[in-house]
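One structure below.
The values are calculated or read from the model by the stated rules, or taken from the named source; none is laboratory data. Just so it is clear, the model here is predicted, and its values are computed rather than measured. When we count neighbours, we look across all protein chains shown, and the Cβ atoms used for this are built from the backbone with ideal geometry, even at glycine.
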Amino acid sequence: MTTKTLISALQLATKREARASGTPGPNDIFYSSTDYNLPIPANATQFVLCGSADGTGNTYVDDKVVVAAVNGSTSSPLYTHDYSNGNSGRIIPLPPTDVTSAFKQFVGKSINLQTQFIDLYKNSKGGSNFFLCIYA
């Protein structure tokens, strides 16, 4: 069995405590962060989106997260997830999620990543820490 080695943990978002949201408009962005020139090591073989820098920890957003590659004024979503599952009434956290297929194209390059938390339905909004853990 081959053991993966964690070689980098990039923090994409900082936890936002849940709070009342009032009445949002469609796609009410309540958190946005852009990180520039993030180095993706040439020996990277696996990418995991998680809540802790050690590759563990659940992620959640009330309601939706979008992680996108940004180049000038162009944004290309790499990962999106609606944690409310279409306004089901519950936010369901996800365990660490393999996103290798979306990020492998950037191995050996530097990228600009934008992370957004989006409130889709009124009641509350908040979100966890998000890390992109990179393994060799």
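For region 81-93, the count of residues that are assigned to a strand (DSSP E or B) and either among the β-branched types (Val, Ile, Thr) or buried (at least 19 other Cβ atoms within 10 Å of the Cβ) (or both) is zero. Within region 123-136, the residues that satisfy the criterion of being of a type in the set (A, V, I, L, M, F, W, C) and either under 16 Å from the mean Cα position of the chain (by Cα) or buried (at least 16 other Cβ atoms within 10 Å of the Cβ) (or both) are 130, 131, 132, 133, 134. For region 103-122: of the residues being within 16 Å of residue 19 (Cβ to Cβ) and surrounded by 17 or more Cβ atoms within 10 Å (Cβ to Cβ), which is nearest to the chain's Cα centre (by Cα)? Applying the filter and picking the extreme gives 117.
Being at positive phi and either within 12 Å of the chain's Cα centre (by Cα) or not polar (S, T, N, Q) (or both) is the filter here, so list the residues in region 42-95 that pass it. Selection gives 55, 57, 72, 86, 89.
Please determine, by comparing only the residues of region 94-136 that are assigned to a loop (DSSP other than H, G, I, E, B) and touching a Pro at 6+ places or on another chain (Cβ under 9 Å), which one is modelled with the lowest pLDDT.
Residues of region 94-136 that are assigned to a loop (DSSP other than H, G, I, E, B), as a first pass: 95-96, 99, 107-109, 120-123, 128-129, 136.
This time we only want the ones that are touching a Pro at 6+ places or on another chain (Cβ under 9 Å), so: 107-109, 120-122, 128, 136.
On the way: 107: 97, 108: 97, 109: 96, 120: 88, 121: 82, 122: 76, 128: 97, 136: 96.
Filtering region 94-136 for residues that are assigned to a loop (DSSP other than H, G, I, E, B) and touching a Pro at 6+ places or on another chain (Cβ under 9 Å), the one modelled with the lowest pLDDT comes out as 122.
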